[in-house]
Structures are given as C-alpha cells and as structure tokens.
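Colleague: Got a structure for you, written out below as structure tokens; questions coming shortly.
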Amino acid sequence: MSALTLYQLVALILLMAGLFGIAQRRSLVGMLISVELMLNGAGLSIVAASQLTPANAVLGQLGTLFVMGLAAAEATLVLAIIVVIARRFGTTKTSVVSTLKG
C-alpha cells in the first residue's frame, strides 16, 4: 500500500467521522467540531495528493491554506451565531432551537 493511499484513507476516516458527528450531535458546538474535522480531512487529502504525485506541491499547499482560512472564517462566524443563540434561547441544543413558537 502506497503512502498516498494511506493518507487518503486517513482523510476519508476524518471525513466520515465528521459526517457521523453532524448526524449524531445535538449540540451546535459539536456540529461545528464535526465540520472542522471534515475540513481537516480535505486539507490532508489536498496536501498528500500534491506532495506524493507529480503535481505542483506549491499549488497543493496554497489550496490547503485556502481550506484552513475558510475553516477559520467559518468557525468565527458560527461561534458568533452560537453565542447569539445561547443568549436568546438559553441553550445550544438543536431540538430546542429548531422549534417554532406558535
């Protein structure tokens, strides 16, 4: 088994752990962590593919920096939204926040 295959398997495991976390978590913070896992898996996959193939390594590193910047911006915005939801509803549980007032 080549090194690229091993890295891609680890990236796939991170992606699947993130998908499982989004499906099973009831807390908005847990969902945020799951999305971050998925983005880390994508970054790992991009770097591994660029370093271990004849592709340009610099482009892979730039792509991963873009993914990391996207993850940081997403985390900042989502944490701000979570703070607003926690102040308004008193909890970050999705079952409480998703109910509509009649």
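Just so you know, all these numbers are worked out from the coordinates, no wet-lab data involved. No experiment lies behind these values; they were computed from the predicted model shown. All Cβ positions, even for glycine, are placed from backbone atoms using ideal geometry, and neighbour counts span all protein chains on display.
Colleague: Decide, for segment 1-99, between rounded, prolate and oblate: order the square roots of the alpha carbon gyration tensor eigenvalues as a ≥ b ≥ c, take rounded if a/c falls under 1.5, and otherwise choose prolate if a/b is larger than b/c, else oblate.
Modeller: Oblate, because a/c is 1.5 or more while a/b does not exceed b/c.
Colleague: Please compute the contact order of the chain in relative form: average sequence separation of alpha-carbon pairs under 8 Å and at least six residues apart, divided by the residue count, as a percent.
Modeller: About 26 percent, as a whole number.
Colleague: Another question, if that's okay. How high is the FRET efficiency from Ala57 to Thr94, r the C-beta distance, R0 30 Å, rounded to 0.05?
Modeller: Approximately 0.15, to the nearest 0.05.
Colleague: Using only Cα atoms, find the angle between the long axis of helix 28-51 and the longest principal axis of the chain, and express it within 0 to 90 degrees, rounded to the nearest 10.
Modeller: Rounded to the nearest ten degrees, it is 10.
Colleague: Kindly give the semi-axes, whole Å and largest first, of the ellipsoid equivalent to segment 43-102, taking each as the square root of 5 times a Cα gyration tensor eigenvalue.
Modeller: Each semi-axis is the square root of five times an eigenvalue, giving 40, 11, 7 Å.
Colleague: Tell me, what is a quarter of the convex hull surface for the C-alpha atoms of segment 1-52, in nm² with one decimal?
Modeller: Mean shadow area of the hull around the Cα atoms is 3.2 nm².
Colleague: As a check on your grasp of the helix formula, calculate [θ] at 222 nm for the chain: sum -39500 (n - 2.57) over DSSP H runs of n ≥ 4, divide by the residue count, round to the nearest 500.
Modeller: Counting only the DSSP helices, I get -28000 deg cm²/dmol.
Colleague: Pairing the Cα long axis of helix 57-89 with the longest principal axis of the chain, what angle in degrees results, from 0 to 90 and rounded to the nearest 10?
Modeller: 10
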